[in-house]
There are 2 protein chains.
Amino acid sequence: MTTRIWTAALAVIGDEILSGRTQDKNVAQIAAWLNVQGIRLVEVRIVPDKTEAIVEAVNALRARNDYLFTTGGIGPTHDDITVDAIAEALGVGVVHHPQAVAVLEKYYETRGGVTDARLRMARVPEGAGLIENRYSGAPGIRIANVFIMAGVPHITAGMLDALTGTIEGGAPVQSRTIGCWVAESEVADLLGAVERAHEGVAIGSYPFFREGKTGANFVVRSTDAAQADACIADLTARLEADGRSVVAGGI
Amino acid sequence: MTTRIWTAALAVIGDEILSGRTQDKNVAQIAAWLNVQGIRLVEVRIVPDKTEAIVEAVNALRARNDYLFTTGGIGPTHDDITVDAIAEALGVGVVHHPQAVAVLEKYYETRGGVTDARLRMARVPEGAGLIENRYSGAPGIRIANVFIMAGVPHITAGMLDALTGTIEGGAPVQSRTIGCWVAESEVADLLGAVERAHEGVAIGSYPFFREGKTGANFVVRSTDAAQADACIADLTARLEADGRSVVAGGI
């Protein structure tokens, strides 16, 4: 049996990430959420608030992945051009979504009313559906295999909650971690040998330096839980046979 | 006078970033460092530890930017394939760099000696030079316009220090920030009008929600300090004329 692997890409849109002003948090949170859905994040591009850069990334990434997520650029101001750029990438027009207009009218009823700027947040590529935003009114957008999310991480988190369980995926990647107070270079051959002995399993080695000592965490990843268990058991046994003390769960 | 804009791209290489296990910190630190060098980070791609993905990203990004930086995948273990993948992208072989061998021999003299695994960290694409690593022996690598850096952020920081002032750039982007306790949608038109009135200046709007209140920071960016100053002064004046209280430097 071959297992179908479901893949996603993410386009992070925003000058503030590329300038170093803002530390991105959406890559990690979307990656972790996707894994629970059984979808593997296989590529991320961070692009500026420029139409041609967004169009290029969107078209490259949506074509070769099951899903494309984007974050950023869906607010009310002049630098929020994501909707227009994605519509251009898809070759469709931009319309006001009636349900989004209704959501915004309700949200701003007690907040000064809807203005032209606020109505910008109801604009969607023609044919799109909405993703609920429980925090700040303006919804996310789904069109074809593209999911257009907010840039502000807690708003994105709410949109991910709204999407949970609604997108088809496969088997989630299982990961098992152990830690060892060892320089990874001392066990490099051992790691490679264990990985070669376990098909369908990847081992990552993540060194660190803490409390004046060198250590590393080793992460075994597989879509098959039994294979992941077998591999981590083998790796632990070989490290211990090599005289290393192993910390289950990582250090 | 037209000002030459120097651009860089960054390829972040690592399954641990795409799995959500590790929060990337290199994008922000490299972006900030590049700006001081007068180089603009215009695109980032995060790719897995897979040769074909690295080759594709490296070749796309190095061709259309003045510089390409990579982070990750230069350690001693089997999942460290960056050097081989970049050599393949450049169409050159992989050799042991004599100076890197000497550095590693010295570093490991009191740490158990050089092993085959450790010698992997002296492998470079043929024709490459080294970037000093003051922390952990294994150097970074420069070949043509490609700079191959560590994945561990503090080691990358040391390599950036070693490169400071050695790479040609242009005028750094100047940024000026003000903050306002206002929903960005209330001043969206004003922001757009100010940006249109100041050529060569971009204004970013970054909303937040703190202490139960909505606010936004507005960041003016330009390579011309005088233009940035004029724009932030104009923006401040128009916000104040609109009855807003402006916090210099941002909130």
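The values are calculated or read from the model by the stated rules, or taken from the named source; none is laboratory data. The structure displayed is predicted, hence computed values, not measured ones. Cβ coordinates were reconstructed from backbone atoms using ideal geometry, including for glycine residues, and neighbour counts include every protein chain displayed. With ligands, DNA and RNA removed, areas are computed over all heavy atoms of the protein, side chains included. Shrake-Rupley method; radii C 1.70, N 1.55, O 1.52, S 1.80 Å.
Tabulated values for the structure
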quantity	calculated
The range A:207-234: number of residues that are surrounded by fewer than 20 Cβ atoms within 10 Å (Cβ to Cβ) and of a type in the set (A, V, I, L, M, F, W, C)	6
All positions within the range A:42-52 that are at the interface with chain B (Cβ under 7 Å from one of its Cβ atoms) and either under 17 Å from residue A:154 (Cβ atoms) or open to solvent by 10 Å² or more (accessible area, probe 1.4 Å) (or both)	A:42, A:43, A:48
Residue ID - farthest from the other protein chains (Cβ to nearest Cβ), chosen from residues in the range A:115-129 that are open to solvent by 50 Å² or more (accessible area, probe 1.4 Å) and farther than 14 Å from residue A:81 by Cα	A:127
Matching residues in the range A:142-170 - criterion: being more than 14 Å from chain B (Cβ to nearest Cβ) and open to solvent by 20 Å² or more (accessible area, probe 1.4 Å)	A:142, A:144, A:145, A:161, A:162, A:164, A:165, A:166, A:168, A:169, A:170
Test: residue in the range A:171-185 that is under 18 Å from the mean Cα position of the chain (by Cα), more than 12 Å from every other protein chain (Cβ to nearest Cβ) and open to solvent by less than 50 Å² (accessible area, probe 1.4 Å)	yes
Residue ranges of strands (runs of 3 or more DSSP E) in the range A:23-117 with at least 3 members closer than 27 Å to residue A:168 by Cα and in contact (Cβ under 8 Å) with a residue 12 or more places away in the chain	A:39-47, A:67-71
Tally, over the range A:23-41, of residues that are facing another protein chain (nearest Cβ under 7 Å) and either surrounded by 21 or more Cβ atoms within 10 Å (Cβ to Cβ) or of a type in the set (Lys, Arg) (or both)	5
Any hit, the range B:193-205, residues being without any contact (Cβ under 8 Å) to a residue 60 or more places away in the chain, part of a strand (DSSP E or B) and away from every other protein chain (no Cβ under 13 Å)	no
